[in-house]
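To start, the structure under review is shown below, and the notes come after it.
We did not get these values from a lab; they are worked out from the coordinates using the rules stated. The structure presented is a predicted model; accordingly, all values stated were derived computationally and were not measured. Cβ sites come from the backbone with ideal geometry, for glycine too, and all protein chains shown count toward neighbours.
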Amino acid sequence: MRALRLPLLVAVLLLGCAPPPAPPQAEALPGAVRLRSDLPLLSVRVVDADGLQLARRDPGADVFDLLVPHGADAGSILRVSVLRRDGAHALTLEASPAHAGLTASLDAPVGQGARDLHDGDALALQAVGSGGTAAIVLRAEEPGGATVDLCGERATIDLRGRGEAQTLTLPLRGDGPCSLVIAQGEHWIRAALSIERMTPDRAREALELVAVRLPTDGLGRSDPARASGRITLPAGWWRALLDRADLGFRSRDSLQPWGSVAVDLENRADRPINLALQWRVLDGAGDPAQAFRARMRATTGDTGVVSGLLRVPA
């Protein structure tokens, strides 16, 4: 049993100050490169070691997660140029080997974290309540239809091939042993699952909200430059002075978070617990503060609530 500190970003819409956004991240996948970014990806270009262009993508909308197929041989050096509104970023990585027909990963219940699947695997899953959702990411070397059977829930999906990832979501039902079977042509992945469930009442008894602190940085460390327990914005005259003098070290991008909230949770159970953590900013009248409504993430109706799925280890 141990306490877990989980930072939750608080997205704001006004003139809040925030640290610079993190650089984009690149992951080599079979036949493709996956880019993840805190800022929209305006343009992505992939070239080989000799400068020959292998692929280019110019997303037409706000895209933060992009898969770029390139067709390079395994082991080739890839140079990736990423353009965001904060400038150009250069990344270098090695092309991943091709798929051996079909690969898959399982995130069940969703939010627990994806695990790569191999034929013959045996996996233990923990869930709260009688429901839940599973996300299965599939990649195939060749295009074609695939069938997925998760504990009796059956679905089909048309895989486009060339290693492009596609996600299928299915309800996670049952309690105890069951199986996951994925098939595409001659390729199979079969895994034995064991689902262990905890009642919501037992989960609430086992979890304790130890503390909530703000503002913090993205790692949950207190921000000494800001008043504790308060959401503060600089005065208008001070911002105007910084603008004229071209001073200040915090980001002024309205799409960047004003700061973070650190939530300390303690799990007294003998197994991990998955939960949804919700956050919103209220004004003096107790209504959702429109200025702090999340723009980069979906909210629940007009409540201004932003939710995140978390897994608290035992």
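Side notes on the structure shown:
- Neighbour counting of Cβ atoms within 10 Å sorts the residues Cys178, Cys151, fewest neighbours leading, into Cys178, Cys151.
- Each listed q (0.13, 0.23 Å⁻¹) maps to a log10 I(q)/I(0) for region 159-203 from the Debye sum over equal C-alpha point scatterers, namely -0.48, -0.98.
- Dipole magnitude of region 31-141 about its Cα centre (Cβ charges: Lys, Arg +1; Asp, Glu -1), debye to nearest 20: 320
- Where the alpha-carbon atoms of region 81-148 are placed on the principal axes, they occupy 48, 31, 21 Å, in descending order.
- Per-residue HN-Hα couplings for region 217-231 [Karplus 6.51, -1.76, 1.60; θ = phi - 60°; Hz; x = Gly/Pro]: 8, x, 9, x, 8, 4, 9, x, 7, 10, 5, 6, x, 10, 9
- Loop trypsin sites (Lys or Arg not before Pro), region 37-134 (other Cβ atoms within 10 Å of the site Cβ: 11 or fewer; DSSP): Arg85
- Karplus-derived 3J(HN,Hα), 6.51/-1.76/1.60, for each residue of region 68-74, Hz, glycine and proline x: 10, x, 10, x, 6, 5, 4
- When restricted to Cα atoms, region 45-200 yields an Rg and a Dmax of 18.6, 58 Å, respectively.
- Over every Cα atom in region 122-249, the radius of gyration and the widest Cα-Cα span, Dmax, amount to 24.7, 69 Å.
- Percentage of interatomic Cα-Cα distances in region 23-132 larger than 26 Å: 34
- Rg/Rh for region 39-96 stands at 0.97; both radii use Cα atoms, and Rh follows the Kirkwood definition.
- Interchain or long-range residues, amide H under 5 Å from Val63's placed H: Leu41
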